[in-house]
Each structure stands twice: as structure tokens, then as C-alpha cells.
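Student: Starting off with a structure, shown below.
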Amino acid sequence: MRVIALANQKGGCGKTTTATNLAATLSSMGKKVLLIDNDPQGHATLAFGFRERDFTLSTYDLYLTSDILIEDAFLDISSNLHLVPAGIELSAVEQTLARESEKEYRLRNNLRRSAMPYDYVLIDCPPSVSILTFNALLASSEILIPVDPSYYSLQAVKKMRETLSVLREKKGHDIIPHVLMSDFDTRPRFVRKLMAELDDLYEGELLDTVIHHTVRFKEAAGMGVPIIQHDPNSRGAHDFRGLARELSEQEVQVSVAALDHWVALLHGPQVSQAGVVFEADFPRAKTVRITGSFCSWSAKGLPLKCREDGIWECHLALEEGDHEYRFIVDGSWLPDPHNTETTANEFGGANSLVVVP
Ligand SMILES: Nc1ncnc2c1ncn2[C@@H]1O[C@H](COP(=O)(O)OP(=O)(O)O)[C@@H](O)[C@H]1O
Ligand SMILES: [Mg+2]
């Protein structure tokens, strides 16, 4: 599951447009997506045509109590796309939680309690660095920062990256940043100059996809539908298909980048004369099994047990040689997140590899 915050303290740079249209496009490609409206303005909720009278539970409830889960609060937009809506009550969070401990981890803890098998969770943030934005960032492994073509926006990205450094230093929380050019009319000379500047400043973080300026976005939002539905052949719809593709192509890379802190925690399979010990941290899983070349890739696999510390574990007596394997986590086949040794498989993904000498 990739949790991505849409954040930038500058207003009107395309956070909500990106959150809603990316959510709709990823879900149309078969990904299971949750969109959390984390802005009291509730624009992401409006963008899907919902009004405050259409829901009783909202993002506010996720902050207030641990009794309400994502699965209680979401609205169905389609079978693959869920939305936790927000309204003006969300602006009370700052005051309501003022004296509470761990108040910046409310959203993260709630997401961890959820058993929903999402591929992507997108969190649309307000234009401020507030408790709402901190909650979103601490729940996320990635941040998508939309920038519109203005120098204020550049300034805001710089601020956002300072915030990320503070989170890394003070909370030990690492977030992979992506910078997205949004609402760009690429013709004027100053815009092209700005694009070159962004490329210099944020090489490696700047996404290749550009979301171009088109009036279709405003039309679609006004009708309460995403652009891929309003005008599937428009440039805007094309741009969002490109963005969804670009992000999905990073899936393997991102899971490897997220490895660093896991590797410190665990070390992939441990080989000894007694056999191989597999350990894995899947905090939301109900069942974890392992399958691989050693059991002819049995669809059922072999079970791992959940230890008291929450880590899943199993011991296997494997013969000498190379063994490819994957974990089956609540039915999804995943490479071992703690093992950097992988080999490409025939499906375009990666299998984890353990070598018994
Ligand atoms: N690519 C675009 N082309 C045209 N209008 C856009 C585009 N992106 C955003 N807008 C418009 O700009 C305004 C602000 O965008 P929004 O996504 O709500 O920003 P934020 O959530 O960062 O405040 C909205 O009216 C939106 O329809
Ligand atoms: Mg917004």
C-alpha cells in the first residue's frame, strides 16, 4: 500500500485537482484507491458531488476516536474508489486535540487499524502547515507536491522540503518527495524558464508528467465528476493517465527505497545450518503465507505465525541452492519487503531470493 499526501502550503496550486483526478484515474486502471479529504474546505468531497447532508461520518471522526475505522466512514464512489469525506467540522481538530498526546499520529494509527486492502491511499491536505498536514505527512511514505507556474509556488516547495527535513530529524520519519508541475500552460517563455529551474532544483524528484492548464478541470469539478469521466479524450484526462502510469511504474523502486528503515529492524531471511528463518512486518495483515520455488509456487503456500511483537515468522528447511519466493499477504502476492535480493519474474515484477550455501 502506498500512502501519498498531496500537500503544499500554497493554496490553489492543484492539490485537490490532483488528489481527486489521480484517485479516479488509478482506480479506473484497476487499483484499489482510498481518498481521504483532509481539508475542512471539503473540496475533494465536493469534487465527487457530495454535500454535507450526504454523510454523517467524516475525516473528523477518524481524528476524534479510535472506535471509528476507515471502513465505517468511507463513501463508495465505485467498487475500486472510496472517499472519506470532510466538512467544516474538521477545522475544530486543532482545538479539540490541543491537549491530547500523540495527536499528530491519529490518521496514521487509524490507517494501520484498517483492514482494507488498498493499493493507494491519497490524502488531500489543506493549504497550511497545521496538525492536519502533520497527521497526513506522518501517515504517508510519499508526498506529491503540486506546483503551479509561479515563483510563490517555488518558494512554497522550498518550505515544504524544510518541513520534511524536520520530520526526518525530529520524528525519524522519511518521506519520498515528488514534485508535479500542475496547471501549466507551457507556451510562455517564463514558464519554460521555470520548468528548467525546477528541473535543476529537484532533479530526481520532478515527475516527467506535466498537468496542462485546461478549463475542462473547472467544468468537471463543477459537475462533481473527475475529468476522465467528463471528457475522457481531453488533454487533462490524457495527462492524468500519464501521471497514474508514471507513479505505478515506480512501485518497485519505491518499495525498495522504503526498505531502509525496515532493514535496520530486520534483515531478510536468516540462513543457518538449521534452515532458513523468514520474518516480516505486515502490521495490518490477517494472514501471511509464503510460497516459492521450493513448493512449486503452490497457490496455498505455507503459513507464517504472528509473534507477540507483531512480526510474522516461519522456519523452513531448504535445500542448498537458490530459492525464489513471495509472501501471500491476505491474498496478495508480494516480494519480501525486508530482503533486497530479488530476481525479475516473468510477470514484470520481482521475486525475493534466498541462497542456501
Ligand atoms: N490544470 C488545471 N487547469 C485549469 N484549472 C486548474 C488546473 N488545476 C487546478 N485548476 C483550478 O485551480 C483552482 C485551484 O485548484 P485546486 O486543485 O483546488 O488547488 P488547491 O487544492 O491546491 O487549493 C481550482 O478552481 C481548479 O479547478
Ligand atoms: Mg484543495
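Student: Would you list, by chain and number, the lysines whose Cα falls below 19 Å from the Cα of Lys171, excluding same-chain residues fewer than 8 positions away?
Tutor: Lys103, Lys159
Student: Let me check the size of the stretch 266-356 from its C-alpha atoms; what are the radius of gyration and Dmax in Å?
Tutor: 12.2, 36
Student: Tell me what the chain gives for mean residue ellipticity at 222 nm when only DSSP H runs of n ≥ 4 count, each as -39,500 (n - 2.57), the sum divided by the residue total, rounded to 500 deg cm²/dmol.
Tutor: Working: 14 runs with 125 residues, N = 357.
Using -39500 (n - 2.57) per qualifying helix, the result is -10000 deg cm²/dmol.
Student: Still on this structure: Where both partners of a DSSP beta bridge lie in the stretch 2-257, what percent of those bridges are antiparallel, to the nearest 5?
Tutor: Details: 3 of 30 bridges.
Antiparallel bridges: around 10 percent, rounded to the nearest 5.
Student: Would you mind telling me the antiparallel percentage of the DSSP bridges in the stretch 1-121, rounded to 5? If you can, show how the numbers build up before the last one.
Tutor: Values: 3 of 11 bridges.
Rounded to the nearest five, the antiparallel share is 25 percent.
Student: Same structure, new question: Suppose each label sits 7 Å from its Cα in the direction of the beta carbon; what would the Ser298-Arg189 distance come out to in nanometres?
Tutor: The two pseudo-label positions are separated by 7.1 nm.
Student: Tell me, in nm to one decimal, what length is gained between Ser91 and Lys103 on full extension, where the rule is 0.36 nm per residue of separation less the Cα-Cα distance? List each step's numbers first, then the result.
Tutor: Working: separation 12, 0.36 × 12 = 4.32 nm, distance 1.45 nm.
That pair, Ser91 and Lys103, stretches by 2.9 nm at full extension.
Student: Taking the alpha-carbon distance from Lys170 and a cut-off under 18 Å, which aspartates and glutamates remain once sequence neighbours fewer than 8 residues away in the same chain are dropped?
Tutor: Glu102, Glu104, Glu142, Glu162, Asp260
Student: What is the packing order of peptides 151-162, 75-86, taking the mean over residues of other C-beta atoms within 10 Å and listing the highest first? Could you put the intermediate results ahead of the total?
Tutor: Working: 151-162: 15.8, 75-86: 19.8.
Highest-to-lowest ranking by the protection proxy: 75-86, 151-162.
Student: Something else now. In degrees between 0 and 90, to the nearest 10, how far off the longest principal axis of the chain does helix 15-28 point, with axes built from Cα atoms?
Tutor: Helix 15-28 and the main axis of the chain meet at about 50 degrees.
Student: Using only the alpha carbon atoms of the stretch 91-139, find the Kirkwood hydrodynamic radius as the inverse mean reciprocal pair distance, in angstroms to one decimal.
Tutor: Working: mean 1/r = 0.0853 Å⁻¹.
This gives a value of 11.7 Å.
Student: Next question, about the same structure. Put +1 on the Cβ of each Lys and Arg and -1 on the Cβ of each Asp and Glu in the chain; which of Gly172, Leu34, Phe278 then has its Cα farthest toward the positive end of the dipole?
Tutor: Leu34
Student: If you don't mind, another one. Non-local amide H neighbours of Phe184 (under 5 Å, H modeled in plane, Pro and chain starts lacking H): which ones?
Tutor: Ile211, His212, His213
Student: Sticking with this structure for a sec: Using the Cβ atoms and a cut-off under 11 Å, what net charge is assigned to the surroundings of Phe217, where Lys and Arg are +1 and Asp and Glu are -1? Don't skip to the end; give the middle numbers.
Tutor: Numbers: positive: Arg216, Lys218, Arg235; negative: Asp183, Glu219, Asp231, Asp239.
Local charge sum for Phe217: -1.
Student: Taking Lys300 as the anchor, which lysines have their alpha carbon closer than 18 Å to its alpha carbon, excluding any fewer than eight residues away along the same chain?
Tutor: Candidates past the 8-residue exclusion: Lys286.
Student: Above 24 Å lies some portion of the pair distances; for the chain, what is it as a whole percent of all C-alpha pairs?
Tutor: On the way: 37828 of 63546 pairs.
Beyond 24 Å sits 60 percent of the P(r) for the chain.
Each value in this text was obtained by applying a stated rule to the coordinates, not by laboratory testing. These figures come from a predicted structure and were not determined experimentally. Don't worry about glycine lacking a Cβ; one is built from the backbone with ideal geometry, like all the others, and counts go over all protein chains shown.
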